[in-house]
Amino acid sequence: MKPVYINSVASISAQSTFDNSVFLEDIAEHTDNVIRAMNPNYKEFIPPAAARRMAKGIKMGVATSKIALKEANLENVDAIITGTGLGCIADSEKFVSKIINDNEEYLTPTSFIQSTHNTVAGQIALGIGCKGYNFTYVHSSISFESALLDAKLQLENDEAQNILVGGVDELADHHIKIHKLVNHIKKDVVNSRDLLESGTKGAVFGEGASFFVLSNEKSETTYAQVLDVTAYNSLPAEELQNGLKSFLHENSLEIEDIDIVVLGNNGDIDYDTYYNLLSQGSLKNTAQVYYKHLCGEFNTASSFGIWMATKMIRTQRIPEAVRLNGIQPSKIGTVLLYNQYRGENHSLVLLRGC
């Protein structure tokens with residue numbers, strides 16, 4: 001099987017991440033329980049007339065895809081694969097609200113047309129003229145990992161050479177209200193730097209988009225190699241460490257071979273215990289970082305974690321704002337990412353510098 005490389009990256013988040021020439025140098029602190037993504041100048045990526053009809057999730061996805069394609073020196077790809085937990089939920093809410101408020105009359109179809117989960121992938125394909133494989137995974141908090149795994153399998157088996165892979169989710173008002181009612185969002189605001197010390201239930205919700213060009217051919221822009229991706233719908237806490245060791249053994253690795261572990265802690269006192277089992281257990285002597293205090297929690301937040309991991313491998317630098325412990329690896333070569341949401345949909349991703 002052929003190796004799989006990440007040849008370019010792009011991200012729009014609650015940080016200034018859309019400029020690929022910098023890497024978390026100026027951290028934006030947020031004091032809230034819901035944080036919005038920073039908007040770049042979308043006119044640089046999307047014609048203004050088209051942008052006016054696009055929801056934020058579509059604009060984020062189209063812009064990041066163009067940044068990723070430009071960095072990879074590509075105008076088109078063989079396939080486009082996206083992951084999203086909620087799709088264009090803002091347009092869905094808008095359309096349903098109009099049905100109710102307008103008594104099922106005077107409805108315009110735009111919001112309905114753009115409310116489907118595969119709208120982002122479709123808009124990207126239309127923009128670049130890609131007529132190849134186009135697929136969107138909607139698998140809750142492992143939506144991005146599902147897209148990544150699909151791309152990896154196709155590239156390994158030489159079914160494609162370049163694939164655009166991304167994760168995108170947006171915030172919407174009704175969605176926020178519902179998750180506040182069921183305490184999935186923290187009741188009180190919290191400063192992002194104090195997220196893990198909040199000691200309360202729920203997470204700080206966010207939004208964003210991260211896209212990558214994956215290829216089975218290494219190039220001058222290559223960031224890292226994707227060694228393996230796996231996911232579990234359920235994984236009991238007592239089996240977590242054995243599951244990790246088994247995953248590493250399948251890749252002929254030991255705990256000591258991991259230079260950095262990227263953890264998805266979100267400050268939820270009920271579920272950060274999964275991460276603590278690893279950070280205080282088998283990975284206690286490994287350099288540890290986290291990222292959801294920067295981008296917030298959303299179904300494809302792990303794509304931001306992949307973005308951060310690849311940038312650390314490229315720059316050989318760990319930003320101070322993401323450190324969980326003081327361990328400094330001699331090099332940043334092999335990086336492990338672990339994520340879960342509310343005790344379900346556990347994912348493990350293994351990257352290596354090249």
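Values quoted throughout were computed directly from the atomic coordinates according to the rules given, and no laboratory measurement underlies them. Computed from a predicted model, the values in this text were never measured in an experiment. Cβ coordinates were reconstructed from backbone atoms using ideal geometry, including for glycine residues, and neighbour counts include every protein chain displayed.
Checking the a/c ratio against 1.5 first, then a/b against b/c, what shape does the Cα gyration tensor give for the chain? In terms of gyration-tensor shape, oblate. Put simply, the C-alpha atoms of segment 224-353 give a gyration tensor, and the ellipsoid matching it has half-axes of 20, 17, 14 Å, longest first.
Of the residues Asn183, Gln161, Leu214, the one whose Cα sits farthest towards the positive end of the charge dipole of segment 155-216 is Asn183 (charges of +1 on Lys and Arg Cβ, -1 on Asp and Glu Cβ, taken about the Cα centre). Against the empirical 2.2 N^0.38 Å scaling, what ratio does the C-alpha Rg of segment 105-234 come to? Cα-based Rg divided by the globular estimate yields 1.34.
Suppose we keep just the DSSP beta bridges with both residues in the chain; what percent of those would be antiparallel, to 5?
Values: 36 of 58 bridges.
Given both bridge residues lie in the chain, the antiparallel proportion sits at roughly 60 percent.
Taking Cα centroids, how far is segment 201-219 from segment 231-254 in Å? Spelled out, the Cα-based centre of one part sits 22 Å from the other. When only alpha carbons are used to place a centre, segment 8-42 and segment 129-171 end up 23 Å from one another. How much net charge surrounds Ala14 when only other residues with a Cβ under 14 Å from its Cβ are counted (Lys, Arg +1; Asp, Glu -1)? Cβ neighbours under 14 Å give a net charge of -3. Charge dipole of the chain (Cα centre as origin; +1 on each Lys and Arg Cβ, -1 on each Asp and Glu Cβ, all else neutral): 600 debye, rounded to the nearest 20. Take every Cα pair under 8 Å whose residues are at least 6 apart in sequence, average their separation, divide by the length of the chain, and the relative contact order is 24 percent.
Cα-based values for segment 21-104, radius of gyration first and Dmax second, are 16.5, 50 Å. Of Lys56/Lys94; Lys98/Lys201; Lys70/Lys218; Lys187/Lys292, which ones are farther than 25 Å apart at the Cα? Over 25 Å apart, Cα to Cα: Lys98/Lys201.
Length gained on full extension, Phe112 to Lys201, computed as 0.36 nm times the residue gap minus the Cα-Cα distance: 28.6 nm.
If the convex hull of the alpha-carbon atoms of segment 283-354 is projected onto planes in all directions, what is the mean projected area in square nanometres?
Details: hull surface 20.0 nm².
Averaged projected hull area, Cα only: 5.0 nm².
Report the one residue of Tyr291, Asn233, Ser330 whose Cα lies farthest in the direction of the positive end of the charge dipole of segment 224-353 (charges on C-beta: Lys and Arg +1, Asp and Glu -1; origin at the Cα centre). Toward the positive end, the furthest listed residue is Ser330.
Rounded, prolate or oblate: which one fits segment 5-215, using the alpha carbon gyration tensor with axes a ≥ b ≥ c (rounded when a/c is under 1.5, else prolate when a/b beats b/c, else oblate)?
oblate
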